[in-house]
Amino acid sequence: MRDLLQEIWESLRRNKVRTCLTGLAVAWGIFMLIVLVGAGNGLLNAFLSDTGNGFASNTMLVGGGRTSKPYDGFKQGRRISIKDKDMDILRDPQFSDKVDLISTSLSKSGYTMTYGRRYFTNVMLTGTYPSDAEMNRVKMLAGRFINQKDITDKRKVIIITHLHAKNFLTGGTDYERLLGQSVKVGNLSFTIIGVRHGEENTDDRELYVPYSTIKSIFGLSDDVDGVTFSFHGLTTEAESDAFEKEVRTAFNAAHRAAPDDNSAVWIWNRFSQYLQTEKAKSLLITALWIIGLFTLISGVVGVSNIMLITVKERTHEFGIRKALGARPGSILKLIVTESVLITAFFGYIGMLLGMIACEILDATVGQSKVVIFGESMKMLDNPTVGLGTAIGATVVLIVAGTLAGIFPARQAASVKPIEALRAD
């Protein structure tokens, strides 16, 4: 092997400029592949983080709508209001094998929250249950979320966002200092038990309190914003759609609406949305790989052309080798190994530069935002490539190098000694 590598090195050293120019095409191809895939990942991450990735994918949200057809003595256009007792629909044995957590919420907006001399206007009080933290992926930065004891005792406790907390702390981030402190929301006093991450892009002003507390304070009716639940056991979009249809039929029956009335209640099927997003992500990444591979092919063609020229220049040498007893396999091995080494060496340079370019994108474009329809969104979020992409690129390099050298190698191995010895 040492003699083989030394022979390849001597061949490359004699044609330094030609080898470097050919390698540059390979490096550029793999560089573009890495940058394209990294940028594609960044775009997808930014889209998901700015358009509602803050919830578990295996959840559905059911809300009230209006009937679109007459049924059971009622006219069409009747308003359907979701009640807190509708959570019992999902506890029915029909759904018990799939449904896990169930929660509901009730919101009241238009209040002013005051802490000392600092205040926030137009905040929203949302009464909810402990399970909401898991289903909506509430990220706690300090303290805790609502627990069952808060619900049972109807405690006047509250969870604020880190945006509120930073204002109360005049820009500080020691959120623990606020735990146990009192804030006023309207004319009501609440004790802070937790600080959660708030979405800056949407001017998040939602404050969480126990559901039982908001019901006892405001003496509201049984109407709620909606019912949220998580589930398991579904793997395909067809299964998800069938389960959604079962849920809709059950809610329609409870509110005396036609079983097939899709307007009586609306359902946000986050699982179907997740599957569609994954499909779109797969298509985008596939498209970027195809573009990158076509760019790489140009470099591979260059390597193959160089190897053909090398074979032509060394025809006399290969004839002497075969006349002295060299087997065609040894010549084939020499050419293919040289091709793989050129492709791998310059390919890894391109891969390294591509990863550096992705890091630069993350540090520059990834920190900037654009305003779309009044909302601030990141342009790129973590535009990097993972281990799987790096391994995939490595496989591509090896295959490309082999393909680039195999045709010239077969041509060299098929040279007849007598004809090769006549060659100039």
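The values are calculated or read from the model by the stated rules, or taken from the named source; none is laboratory data. Just so it is clear, the model here is predicted, and its values are computed rather than measured. Note: ideal-geometry Cβ built from the backbone for every residue, glycine included; neighbour counts use all protein chains shown.
Take the conditions farther than 22 Å from ILE34 by Cα, modelled with pLDDT under 80 and among the basic types (Lys, Arg) and apply them to LYS378. Does it pass? No: the conditions fail for LYS378. A count restricted to segment 123-166 and to residues that are touching a residue at least 40 places away in the same chain (Cβ under 8 Å) and either more than 31 Å from the chain's Cα centre (by Cα) or not assigned by TED's automatic domain parsing to the domain that holds THR104 (or both) stands at 8. When segment 79-108 is filtered for residues that are of a type outside the set (Asp, Glu), touching a residue at least 60 places away in the same chain (Cβ under 8 Å) and surrounded by fewer than 16 Cβ atoms within 10 Å (Cβ to Cβ), the ones remaining, listed by number, are SER81, LYS85, GLN94, SER107.
Filtered by the rule that a residue be modelled with pLDDT of 80 or more and not in a helix (DSSP H, G or I), segment 326-366 gives a lone residue, THR364. For segment 59-77, a tally of residues being exposed (fewer than 15 other Cβ atoms within 10 Å of the Cβ) and either in a strand (DSSP E or B) or among the aromatic types (Phe, Trp, Tyr) (or both) returns 1.
Quick check: anything in segment 115-131 assigned to a helix (DSSP H, G or I), surrounded by fewer than 20 Cβ atoms within 10 Å (Cβ to Cβ), of a type in the set (Val, Ile, Thr) and modelled with pLDDT of 90 or more? No, segment 115-131 has no match at all.
Going by the structure shown, is ILE30 modelled with pLDDT under 70, surrounded by 16 or more Cβ atoms within 10 Å (Cβ to Cβ) and closer than 15 Å to PHE345 by Cα? Here the answer is no, as ILE30 does not meet what is asked. All of SER216, SER263, SER221 fail the test of being of a type in the set (Ser, Thr, Tyr) and either without any contact (Cβ under 8 Å) to a residue 60 or more places away in the chain or touching an Asp or Glu at 6+ places or on another chain (Cβ under 8 Å) (or both), apart from SER221.
Here is a check on your reading of the model: is GLY180 over 35 Å from the mean Cα position of the chain (by Cα), part of a loop (DSSP other than H, G, I, E, B) and either more than 22 Å from TYR211 (Cα to Cα) or small (Gly, Ala, Ser) (or both)? Spelling it out, GLY180 is indeed over 35 Å from the mean Cα position of the chain (by Cα), part of a loop (DSSP other than H, G, I, E, B) and either more than 22 Å from TYR211 (Cα to Cα) or small (Gly, Ala, Ser) (or both).
Restricting attention to segment 78-102, the residues that are part of a strand (DSSP E or B) and among the charged types (D, E, K, R) add up to 3. Which residues, counting only those in segment 182-211, are closer than 19 Å to TYR111 by Cα and among the polar types (S, T, N, Q)? Within segment 182-211, SER182, ASN187, SER189, THR191, THR202 qualify.
The residues listed here are THR249, THR235; of these, the one that is under 16 Å from VAL62 (Cβ atoms), out of contact with any helix residue (DSSP H, G or I) (no Cβ under 8 Å at 6 or more places or on another chain) and hydroxyl-bearing (Ser, Thr, Tyr) is THR249.
Scanning segment 263-288 for residues that are surrounded by fewer than 14 Cβ atoms within 10 Å (Cβ to Cβ) and of a type outside the set (Ser, Thr, Tyr) turns up GLN276, GLU278, LYS279, ALA280, LEU283, ALA287. Can you tell me which residues in segment 194-250 are part of a strand (DSSP E or B) and surrounded by fewer than 13 Cβ atoms within 10 Å (Cβ to Cβ)? Passing the criteria: only ASP223.
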